[in-house]
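S.K.: What follows is a single structure, and I will ask about it in a moment.
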């Protein structure tokens, strides 16, 4: 009296279940990503340190109360020498050092929301100690 079930009926139910489960997982993951994104705050300002070849190997350190830990970057030996530090507004200290010796420090630098601070190290090249190659050639007697 009952109509016979098609042979693929259990398979259809299983396929429908997996389609619905996939949709539910997608919606849940999308909701989690949106929740985490909506609560995240992106840095509102940037400090850009422009270096020169003379500063290769030097370390630039940015410290401030809003940073969980100091940002430390070693100046690379490549053509692109602009080092961006994305920060929130506040007061920061920027230190330039090489071989563990501080070359220059900018203390209590105010950064306003939505602003960029451009620091050009070319004006500080005269503070750099002579490189070992320069020191050895100048110490060689000429004759």
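S.K.: If you stretched the chain out fully between residue 78 and residue 123, how much longer would it get, using 0.36 nm times the residue separation minus the C-alpha to C-alpha distance? Before the final figure, lay out the partial values.
M.R.: Numbers: separation 45, 0.36 × 45 = 16.20 nm, distance 1.97 nm.
Once the chain is fully extended between residue 78 and residue 123, it gains 14.2 nm.
S.K.: Calculate the FRET efficiency for residue 102 and residue 44 from the Cβ-Cβ distance with a Förster distance of 35 Å, rounded to the nearest 0.05. Don't jump to the answer; show the numbers that get you there.
M.R.: On the way: r = 28 Å, r/R0 = 0.81.
So, using R0 = 35 Å, E works out to roughly 0.80.
S.K.: Additional query: Order of 18-25, 86-93 by packing, highest average Cβ count within 10 Å first? Mind dumping the intermediate values first?
M.R.: Values: 18-25: 10.0, 86-93: 16.2.
Top to bottom by mean Cβ count within 10 Å: 86-93, 18-25.
S.K.: Want the number for residue 16 to residue 91: 0.36 nm per residue separation, take away the alpha-carbon distance, what's left?
M.R.: Values: separation 75, 0.36 × 75 = 27.00 nm, distance 5.77 nm.
So the extension gain works out to 21.2 nm.
Throughout, read-outs are computed from the coordinates displayed, never taken from laboratory work. Remember, it's a predicted structure, so these values are computed and weren't measured experimentally. Positions of Cβ are backbone-derived with ideal geometry, glycine not excepted, and every protein chain shown enters the neighbour counts.
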